[in-house]
Structure formats: structure tokens, C-alpha cells
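The values are calculated or read from the model by the stated rules, or taken from the named source; none is laboratory data. Predicted model only: the values in this text are computed from it and were never measured. So basically every Cβ, Gly included, is an ideal-geometry build from the backbone, and we count neighbours across all protein chains shown.
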């Protein structure tokens, strides 16, 4: 199923992200995680592609597990930073063979102490999107940053690059994580004014331990609202309490999004079916999984 068939409907969709293993010896355990996540009946499941190529070899295999073993629509990530053009072409052929129709095309994080781009690499996601489009009939998604890409001078510069991705063939967008819904609402208004009118899927990260907050802030520069920092200050030293509070905060974000017309939510699960399951249980009458 092409994801735009889901995302152009008015109904609520909640999807989940997984990352593949670094080692082949871990593959069976990760396939079990896919099975547990699939039992939650998400609208679709995405599988990431290692920023430095470390996990990229298993992206297609895990996406195949999602689609052809567990019968959930699959979204395979593909990045510029960790792939040559030849590697991209090879992965595209693998995806065709497995009948995986959906690709999330990303530039990816540039590895440290590495020349980028090399002559046989894509520099921008828009270039990757255009080439995927030329090589097959895929439904292609892209990433967007409600707070602006860390490398962009202004949010408007970032939106101009985002428009280039949409013009190249990007059919939907998934946001980077955010912790204040007003940031997303303001972003969507600005994007629409720029002529970016493809479906936007809101990316939600359940933060269930205090160390995650420090890592998120250092890597992405996300704005963390004072009320969330208060939760971390109060419960961060108690793992069970912090997990419960993080699940509650993510649930509240999702309820507010849906109430304000943002029907499509993607949960960055960090391969933890129990956390994704707890959130979905909290939304049992909002996202009716028995109908999926």
C-alpha cells in the first residue's frame, strides 16, 4: 500500500519507527521486536537506515519482515550521507523485489571526519528524491523540521529547501521530534504559505529517561518546554516514574494534535513495543486498532 492512500484520508493514523540491528547475529531478536510492534496494529512501520551505514544492510530485510511477514505497510528509509549512488540503485532494486512501495528519502547525518559528498554521492535529499522517482514507482516521503534544520540560517531558508524536496517528488513529510505542539502548528502555517501542501506526519518521541533529554538537546537543539523539564526534574531519578510520566506526556501531545486536526502521528519508539503499546492503550477510543 502506498502511504499516501492512508495519509490523504481524514481518519487518524498512528505509525511506529524501528531501527535495524548493527550485527546480523541480532537479526532474529529484532524480527521479534517487529512482530511485537505489528501486534499493536500501527497504520504502518518505518525502518531507519544507519547514518554511518552501520545498520543499512538490514533495513530492507527488516522492512520485508514488516510487510511480507507481519502484513503491515512498510516505509524504508534511504539516506544520502551513508550511500553511494550505486548503493542507492542496489537498494531500490531490493525494495522492488520485496514489493516495498514506500521510501523515506533523507540526507542523513554527515559522519564526522568524512568528506561529503563524494563524486558518487547525493548532496541533498531533493537530489535523492528525484533519482528514486526516476528509478521506480515509489511513494516517497521526506523529513521536515518544525524548529528549522540546525544547519539552516532561518526557518524560511529551511522551508525553501523543503519546497525543493516537494517539487522533486516528495509526497508526504514526517517531522523531527518536537515537545511543544505550538511549534508544529506555527510551522505548518508557514509551510502552507510557501505552497507546501502535502500531508504532514507529526513525529513524537516518548522520553522515558532523563538521559534522553540531554542527548536530544545536544544533538538536535530541540526546545524543551519548562513544563517538561519540570517532569524530568521531579521524576528523572525514579526510572518507573519517569517512564510513566514520559508516556503520559507523549499521550497528551498526541491527543492535542488530533484535537487540532493533525490526524497523522509517527511514534519514535526506540524499538520498545511496551512504550508504544502503553501510548496506544491510552488512545484506545481515539485510534481504534480493532478496526485496522
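Key figures for this structure:
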| read-out | value |
| --- | --- |
| Exclusive hit being surrounded by 17 or more Cβ atoms within 10 Å (Cβ to Cβ), over 22 Å from residue 15 (Cβ atoms), touching a strand residue (DSSP E or B) at 6+ places or on another chain (Cβ under 8 Å) and touching a residue at least 40 places away in the same chain (Cβ under 8 Å), set 88, 60 | 88 |
| Checking residue 70 against (1) more than 23 Å from residue 266 (Cβ to Cβ); (2) at pLDDT 95 or above, the condition it does not meet | (1) |
| Subset of the range 148-159 [under 17 Å from residue 109 (Cα atoms) and assigned to a loop (DSSP other than H, G, I, E, B)] | 148, 149, 150, 151, 152 |
| Boolean, residue 127 is more than 15 Å from residue 20 (Cβ to Cβ), at pLDDT 85 or above and out of contact with any helix residue (DSSP H, G or I) (no Cβ under 9 Å at 6 or more places or on another chain) | no |
| Residue that is surrounded by 15 or more Cβ atoms within 10 Å (Cβ to Cβ), at pLDDT 95 or above and not in a helix (DSSP H, G or I), where the choices are 184, 162, 173 | 173 |
| Answer residue from the range 98-116, given it is in contact with a helix residue (DSSP H, G or I) (Cβ under 9 Å, 6 or more places away or on another chain) and at pLDDT below 85 and is nearest to residue 47 (Cα to Cα) among those | 108 |
| Flag if residue 67 is touching a strand residue (DSSP E or B) at 6+ places or on another chain (Cβ under 7 Å), farther than 22 Å from residue 204 by Cβ and not in a loop (DSSP other than H, G, I, E, B) | yes |
